[in-house]
Amino acid sequence: MDTCSPPSLFTEESLTKLMKKMIMKPFKARSPIFKAGEAAGRLYYIRHGRVWIKRKAFDRKDFILHLLHEGDVFSTIYQMKDLSARALTDGEIGILDQASLDELLCEEGSLAVEFTHYLESSRRAAESKLRDLMFFGKRGALCSILIRLAKNFGKPVEEGVQITIRLTNVELALLAGSSRENVNRMISDFRQQEIIAFKNDYIVIRNFNYLKKMCQCLDCPLEVCRI
């Protein structure tokens with residue numbers, strides 16, 4: 001399985017132009033990046049580190065929308081206002097307000113084209129994730145999340161592909177739109193069936209075929225198969 005990072009939708013030249021306009025801010029692990037209602041109309045660039053993007057569900061419980069890492073761009077310009085972000089690791093983030101972005105897009109035609117491609121790619125990724133979470137039950141949703149984690153954060157090991165970030169069952173549940181109790185049961189079943197294993201508290205995927213079958217995986221390209 002391909003576990004490379006997805007290709008950037010922005011050229012190095014365009015990223016440099018964006019970063020020159022951005023305010024760069026360091027962050028510490030577990031610290032809030034922004035709270036609900038604070039981030040509307042901004043573009044974020046993860047220069048270093050990893051960040052959770054969360055949203056409140058209808059029952060007021062948190063739901064993890066994205067797990068961003070180095071090189072990722074995230075926009076709140078066309079997003080709901082109930083998003084929040086929290087750092088998973090130490091890192092640095094760039095922030096650009098909508099007025100500055102609009103000015104830059106008017107001045108730089110090639111960047112405007114790339115930004116349009118970014119928005120389309122984000123839409124396709126969101127639709128792909130929504131498909132997996134809604135149509136294949138809790139088990140299929142968890143299988144989809146494990147595949148996405150392996151493709152974005154995996155490395156080959158003797159036993160299979162190891163996900164290189166430690167995630168609790170609570171965090172897996174928030175990613176899969178499930179409860180901790182359901183995820184506990186499914187993870188236990190997967191271990192007994194040798195679909196996954198654990199190595200120093202890291203998940204190792206041993207049977208990708210089973211995971212793919214459960215969510216009818218379409219083998220989407222990496223820019224779509226995102227967390």
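Rule-based calculations on the coordinates, nothing more; no lab input. Everything numeric in this text was worked out from a predicted model, so none of it was measured. Methodologically, a virtual Cβ is constructed for each residue, glycine included, from the backbone with ideal geometry; neighbour enumeration extends over all protein chains shown.
Over all Cα pairs of the chain, how is the pair count split among 5 Å bins, expressed in % and running from 0 up to the last occupied bin?
1, 6, 14, 18, 19, 17, 11, 7, 4, 1, 0, 0
What is the extension gain from residue 124 to residue 216, computed as 0.36 nm multiplied by their sequence separation minus the C-alpha to C-alpha distance, in nm to one decimal?
Here the segment from residue 124 to residue 216 would lengthen by 31.4 nm.
According to a simple spin-label model (label point 7 Å from Cα along Cα-to-Cβ), what is the distance in nm between residue 31 and residue 56?
Once both label points are built, they end up 2.5 nm from each other.
Under 12 Å from the Cβ of residue 101, count the other residues' Cβ atoms, weight Lys and Arg +1, Asp and Glu -1, and hand me the total.
-2
Could you give the Stokes-Einstein D for the stretch 9-131 in µm² per second, using the C-alpha Kirkwood radius, 4 °C, 1.567 mPa s?
87
Dividing the convex hull volume of the alpha carbon atoms of the stretch 59-168 by its residue count, what do you get in Å³ per residue?
Residue-normalised Cα hull volume stands at 153 Å³.
Any idea how far the Cα center of the stretch 183-220 sits from the one of the stretch 138-172, in Å?
Each part reduced to its Cα centre gives a spacing of 8 Å.
Over the chain, what is the relative contact order in percent, taking alpha-carbon pairs closer than 8 angstrom and at least six residues apart?
23
For the stretch 136-215, what D do you get in µm² per second when you plug the Kirkwood radius from alpha-carbon pairs into Stokes-Einstein at 10 °C and 1.306 mPa s?
In µm²/s, the coefficient rounds to 130.
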